Every structure is written in C-alpha cells, then in structure tokens.
1. If you stretched the chain out fully between ALA70 and MET1, how much longer would it get, using 0.36 nm times the residue separation minus the C-alpha to C-alpha distance?
2. Return the Rg/Rh value of the chain, two decimal places, where both radii are evaluated on C-alpha atoms and Rh is the Kirkwood radius.
3. Helix-only mean residue ellipticity at 222 nm, the chain, DSSP H runs n ≥ 4 weighted -39,500 (n - 2.57), per residue, nearest 500. What is it?
4. Treating only the Cβ atoms of Lys and Arg (+1) and Asp and Glu (-1) as charged, compute the dipole magnitude of the chain about its Cα centre; round to the nearest 20 debye.
5. Counting only heavy atoms of the protein chains, get the accessible area per residue of the range 46-95 (1.4 Å probe) and round it to a whole Å² value.
6. Check the chain and count each lysine pair with an alpha-carbon distance under 24 angstrom, considering only pairs eight or more places apart or from different chains.
7. Using a 1.4 Å probe on the protein heavy atoms, what percent of the accessible area of the chain belongs to carbon and sulfur?
8. Among 67-78, 5-16, how do they line up by average Cβ neighbours within 10 Å per residue, starting with the highest?
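The values are calculated or read from the model by the stated rules, or taken from the named source; none is laboratory data. Since we're looking at a predicted model, the values are computed, not measured. Here Cβ is always computed from backbone atoms with ideal geometry, including for glycine, and neighbour counts include all displayed protein chains. These area figures cover heavy atoms from the full protein model, side chains too; ligands, DNA and RNA do not enter into them. Shrake-Rupley method; radii C 1.70, N 1.55, O 1.52, S 1.80 Å.
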Amino acid sequence: MQAIGLFELQGYVPALTAVDTMLKTADVKFLTWEKKLGGWLVTIIIQGEVSAVQAALDAAEANSIRKVAAKAVIANPHPEVMKQIEISASKYNFNF
C-alpha cells in the first residue's frame, strides 16, 4: 500500500537535511515541498510503502537539527489529496 508522509519544520537548511536523511533511510520518493512564510516553515512530502514512510519520518525527526513542527503518515491517500500534491510539485517542476 502506498502512503505519503508529511514532515514540517522551520527553515530551509533543516528541511534539506531532513530530506537527505529520509532518502538515505528508507525506500521513499521525494515528491515536493511547500515553503510558507518565506521559507520559515517548510513541509516536506514523500511517498512509499507505509512502513518505509514511517521509518523515514522517524529517522528525520531523530536526526533533525530543528524541532519538528508536525509529521503525519497518510496510507492510501485520496485522489484529491494527490491532486493537490501534484499541483504543488508542478510549481517547482518536480515530476512524479
């Protein structure tokens, strides 16, 4: 079953290190991110098997250089949720 993982924290550099940790920890794919408040708050979105997504989020939180604001795993996301993620990815020319 495919899942998406959402991971939110403060700052661009901590977000990049979190993405790096996630991709090195588990078989997940980086889909996109949303930068709010001028990049002050960054939400990272990944995809993979439920267990891989959970492992990636846990590893990123454990190794984060900033306090994590929020994290969530959504198993088998609704097509409308995926549509919103595709819109986000298209802003950055990410293809998935």
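1. Details: separation 69, 0.36 × 69 = 24.84 nm, distance 2.27 nm.
Gain on stretching ALA70 to MET1: 22.6 nm.
2. On the way: Rg = 12.2 Å, Rh = 13.0 Å.
With Rh from the inverse mean 1/r over Cα pairs, Rg/Rh is 0.93.
3. Working: 3 runs with 40 residues, N = 96.
It lands at -13500 deg cm²/dmol.
4. Values: 9 positive and 9 negative charges, 61 e Å.
Charge dipole of the chain: 300 debye, to the nearest 20.
5. Values: 3150 Å² over 50 residues.
Normalised by residue count, the accessible surface of the range 46-95 is 63 Å².
6. So the count works out to 18.
7. Values: 2970 of 5390 Å².
Result for the chain: 55 percent of the exposed heavy-atom area is carbon or sulfur.
8. Working: 67-78: 13.5, 5-16: 18.2.
Averaged packing, sorted descending, gives the order 5-16, 67-78.
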